[in-house]
1. Filter segment 28-48 down to residues that are among the hydrophobic types (A, V, I, L, M, F, W, C) and not in a loop (DSSP other than H, G, I, E, B) and give me whichever is modelled with the lowest pLDDT.
2. Being surrounded by 12 or more Cβ atoms within 10 Å (Cβ to Cβ) and part of a helix (DSSP H, G or I) is true for just one of Q144, Q123, Q167. Which residue is that?
3. Just wondering, is there one or more residues in segment 230-245 that are acidic (D, E) and in a strand (DSSP E or B)?
4. Out of I55, I140, I need the residue that is more than 30 Å from T5 (Cβ to Cβ), out of contact with any Lys or Arg (no Cβ under 9 Å at 6 or more places or on another chain) and at pLDDT below 90. Which one?
5. Would you be able to say whether some residue in segment 192-199 is on the phi < 0 side of the Ramachandran plot and at pLDDT 75 or above?
6. Answer yes if at least one residue in segment 49-61 is of a type in the set (V, I, T), part of a helix (DSSP H, G or I) and under 30 Å from S16 (Cα atoms), and no otherwise.
7. Can you find, within segment 146-178, the residue that is nearest to G228 (Cα to Cα) among those that are acidic (D, E) and more than 50 Å from the chain's Cα centre (by Cα)?
8. Can you tell me which residue within segment 228-243, out of those that are touching a helix residue (DSSP H, G or I) at 6+ places or on another chain (Cβ under 7 Å) and at pLDDT 90 or above, is farthest from M278 (Cα to Cα)?
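The values are calculated or read from the model by the stated rules, or taken from the named source; none is laboratory data. Here the structure is a predicted model, which is why all the values come from computation and not from measurement. Neighbour counts are summed over all protein chains in view; Cβ atoms, including those assigned to glycine, are modelled from backbone coordinates with ideal geometry.
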Amino acid sequence: MSVLTKVFIVLLVVSSIAFTSMTVAVVARTPNWRDLAEKYQEHARVADTALRHEIAANAALLATLRDDVQLKLERIGELETGLQAARNEAAQLRAEVAKAGAERSSAEAMNRGLFAQLQATEQARTEYLKQRDALEKTQIDLQQRNIDLSDRVNELTAQVGVLREQQRHYEQQINILRTENERLAQVARAPSRALTLEEPSAAAMRGVTPLTPVPARAIRGKVLDVSGNLITISVGSADGVKKDMVFVVHRQGQYVGDIQVNMVDPNRSAGRVVKANMAPRAGDDITDALGLGESSG
């Protein structure tokens, strides 16, 4: 029940009381007024009692409504407090959103920087791969040159060995000539220093020719040393070996390969493998191919 309705009821009750009083005053002038007055007084007492009850009920209802209003006010206060807290939280969330936006912008800028660095790194990697390929080609070329130089060193080493043997042979011939010179000087009864020969160098032996017997049989020998593709053998010009001769290498009757002589010394020679079934090694037997063919025939 609303407050307006309650006010209307109160006004209606007051009007009823006033109307009853007026009615009692009018009826008192009529016959039997006493009975009528008593009736109206009884009705007035009933109406007053009802009015009192209604007033009490309205008072109780008013108290209840006041309590309800107080509860509503307290609830409004709580809601206002919650609203303020929600506003504060919304402001904090807006600040966090702004901070997140700034961090996102910073992250995007950093991402762009990292992408640029990645592109630069990729370009550097591509350049490095090109340089590595060029270096690998250079390394392969250097390895091939190193192999060629090793072969050349082996060849020069063999030549040095041959030249040393030639030097030793020339020194032996010089000693022989000196001894012969001294013998002839003694025979002619002349001082030996008058016929002393000037010691020739290794490249100035124009008048000296070693005796090179012509072999009447196949030339046979041994492999002295193996250095890569260069083979040193134990026979030389004194045995009838000449440049470009081919020797057959065999081991316990088994064919090993062929070598062609490139350098000739009086007591040894050196050459390269031109054909091989297996790798030659020191101690293998050799026979010149021509003599081997004649002996086979």
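1. Taking segment 28-48 and keeping what is among the hydrophobic types (A, V, I, L, M, F, W, C), we get 28, 33, 36-37, 44, 46-47.
Within this subset, residues satisfying the condition of being not in a loop (DSSP other than H, G, I, E, B) are 33, 36-37, 44, 46-47.
Numbers: W33: 62, L36: 70, A37: 71, A44: 83, V46: 89, A47: 84.
Across segment 28-48, the extreme among qualifying residues is W33.
2. Working: Q144 fails: surrounded by 12 or more Cβ atoms within 10 Å (Cβ to Cβ); Q123 fails: surrounded by 12 or more Cβ atoms within 10 Å (Cβ to Cβ).
Within the list Q144, Q123, Q167, the selection yields Q167.
3. Start the filter on segment 230-245 by keeping residues that are acidic (D, E), which leaves 239, 244.
Add one more test, that the residue is in a strand (DSSP E or B), and what stays is none.
No - not one qualifying residue is present in segment 230-245.
4. Values: I55 fails: more than 30 Å from T5 (Cβ to Cβ).
It is I140.
5. Kept after step one, since they are on the phi < 0 side of the Ramachandran plot, are these residues of segment 192-199: 192-199.
Restricting the remaining residues to those that are at pLDDT 75 or above gives none.
Taking every residue of segment 192-199 in turn, none turns out to be on the phi < 0 side of the Ramachandran plot and at pLDDT 75 or above.
6. First, pick out the residues of segment 49-61 that are of a type in the set (V, I, T): 49, 55.
Right, trim to part of a helix (DSSP H, G or I) and you get 49, 55.
From what is left, the residues that are under 30 Å from S16 (Cα atoms) are 49, 55.
Checked against the condition, which is being of a type in the set (V, I, T), part of a helix (DSSP H, G or I) and under 30 Å from S16 (Cα atoms), segment 49-61 yields at least one hit.
7. At the first step, the residues of segment 146-178 found to be acidic (D, E) are 148, 151, 155, 165, 171.
Filter again for more than 50 Å from the chain's Cα centre (by Cα), leaving 165, 171.
Working: E165: 21, E171: 31 Å.
The residue in question is E165.
8. Keep residues of segment 228-243 that are touching a helix residue (DSSP H, G or I) at 6+ places or on another chain (Cβ under 7 Å), which gives 228-230, 232.
If we keep only those that are at pLDDT 90 or above too, we end up with 230, 232.
On the way: L230: 14, T232: 17 Å.
Applying the filter and picking the extreme gives T232.
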